[in-house]
Amino acid sequence: MNTLHQAVVGCSKTDLYTPALCLDLDLFDANVQIMVETCQKHGVDWRPHAKCHKSPIIGRWLVDAGAIGLTCATIREAELMAEAGIRDLLIANLIAGPAKIQRLVELASKADPIICLDHHDQADAISQAMATAGVSVRVLIELEIGMNRVGVDDLELVERLAEKVHSLPGLELAGVMAYEGHLLTIEDLQEKEQAIRQALAKATTARDRLESRGLPCPIVSCGGTGSFPITVKQNGITEIQAGGAIFMDEFYRQSCQIDQLENALTIMATVVSMPTPDRVVVDTGRKALNIEIYRPRVREPKGLLVESLSAEHGVLRLMEDATPPKIGQPVEIVPGYADLTNVLHPGFLGFRGGKLEREIPIVR
């Protein structure tokens, strides 16, 4: 096991060298099962994002549990998942530049990737490289539905780009992709559902328009963890990309109001100082825990609030009437946002039944 954490199979979380990134495998399995069953119930495929875990081991577990493949944020992530034997990989990012295109060509020779495009220049460059190498890649046209980030906004331009992709060698038009991420934190749930439905209608309308022109559009891909209970019910959606659901965190729980899943991921810290009766300092700061997206929550002991983080220190505030912890006492913290916390660690320490079962490396 990882000597940095002095972790021995069978030990408990309170035995760890801290800070340590811990994954409750029982809760993880339960979350995965909920996602699989939810998608199956609505006839939608699950293609979970790998950017939240960056682990071929976890990626393999998800596919074995029922995911059709994985969504990746980078070619590097897709390469790592392909090495683990996962072939169906959507790279939900735009690929440009000769170095990345060459790696995409190499990936297409050993897996079955899907890429996203929103401009004809991307299509031309990738088509030329693919055709020269004698391989092909599936393509989704990325739509702009409100994120104001990337994607084609005008549906006529979507049709033109799709026709171009369909005509080029080395490219196989496979559908459209959209992301409703700007709507995840709408407080009123009825308003949130209506807004998501309206936004995603653009994706299904694009699908209908492409098919009416004789263009293939078997995939309509969208959906994050913060919207999956709504997105999975929308007519015409074929797959959702919700990945962080396997871990859960405070952003999804509080800001997005996702309550179907359990907090499987925590950080173990240790109290190192108590300078005042209500100020507790732990050995876990910004190098181990992200605080920008949402404030982490102390799970145990009760009565502590995360007040601030510096590089290696975390300042917790003791609530009135709470029992003060002792110096050296373990503290378990639920991340505010898992994606940006996990990448600060070498890997997950997987616990089952409260005992360490295995280490799960995070690969970069």
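The table for this structure:
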item	result
Equivalent ellipsoid dimensions for the stretch 205-330 as semi-axes, Å, which come from the Cα gyration tensor, largest first	45, 13, 10
For the stretch 23-92, convex hull of alpha carbons as volume per residue, Å³	75
Cα-based shape type of the stretch 308-364, given that a ≥ b ≥ c are square roots of the gyration tensor eigenvalues and the cut on a/c is 1.5	oblate
Span from the the stretch 69-112 Cα centroid across to the the stretch 198-254 one, whole angstrom	21
Per residue solvent-accessible surface (Å²) - the chain, probe of 1.4 Å	42
I95 long-range amide H proximity, modeled H, under 5 Å	C116
Under 13 Å from the Cα of K355 - aspartates and glutamates, other chains or at least 8 residues apart	D15, D24, D26
Electrostatic dipole magnitude of the chain [Cβ: Lys, Arg +1; Asp, Glu -1; Cα centre; debye, to 20]	620
³J(HN,Hα), Karplus 6.51/-1.76/1.60, whole Hz, each residue of the stretch 201-206, x for Gly, Pro	4, 5, 5, 6, 5, 4
Fraction of accessible area attributable to carbon and sulfur, the stretch 78-129 (%, probe 1.4 Å)	48
Listed candidates (1) -0.66, -1.01, -1.12, -1.32; (2) -0.55, -0.90, -1.02, -1.24; (3) -0.47, -0.85, -0.99, -1.30 - label of the one calculated as log10 I(q)/I(0) by the Debye sum over Cα atoms at q = 0.09, 0.12, 0.13, 0.15 Å⁻¹	(2)
Rounded tilt (10° steps) of 98-108 against the dominant C-alpha axis of the chain	90
Amide H contacts of Y179 (H built 1.01 Å from N, under 5 Å, at least 5 apart or other chain)	I145
Listed pairs K54/K233; K54/K287; K54/K192 exceeding 20 Å between Cα atoms	K54/K233; K54/K192
Fluctuation leader among R209, R47, R87 - the chain, Gaussian network, Cα springs under 10 angstrom	R209
Those lysines that a straight Cα-Cα span of less than 24 Å connects to K164, excepting residues fewer than 8 apart in one chain	K100, K202
In Å, descending, principal axis extents of the Cα set of the stretch 176-276	70, 26, 21
Accessible surface of the stretch 1-62, 1.4 Å probe, proportion on carbon and sulfur as whole %	52
Within the chain, helix-based [θ] at 222 nm, where runs of 4 or more DSSP H residues each add -39,500 (n - 2.57), nearest 500	-9000 deg cm²/dmol
Hz values of 3J(HN,Hα) by residue in the stretch 324-337 - Karplus curve (6.51, -1.76, 1.60), Gly and Pro given as x	x, x, 9, 4, x, 6, x, 10, 9, 10, 8, x, x, 9
Cα-based Rg and Dmax for the stretch 35-159, where Dmax is the largest Cα-Cα distance (Å)	15.1, 43
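The values are calculated or read from the model by the stated rules, or taken from the named source; none is laboratory data. All values reported here derive from a predicted model rather than from experimental measurement. So basically every Cβ, Gly included, is an ideal-geometry build from the backbone, and we count neighbours across all protein chains shown. Ligands, DNA and RNA are stripped out before the accessible areas are found, and what is left, the full protein with its side chains, is counted by its heavy atoms. Shrake-Rupley method; radii C 1.70, N 1.55, O 1.52, S 1.80 Å.
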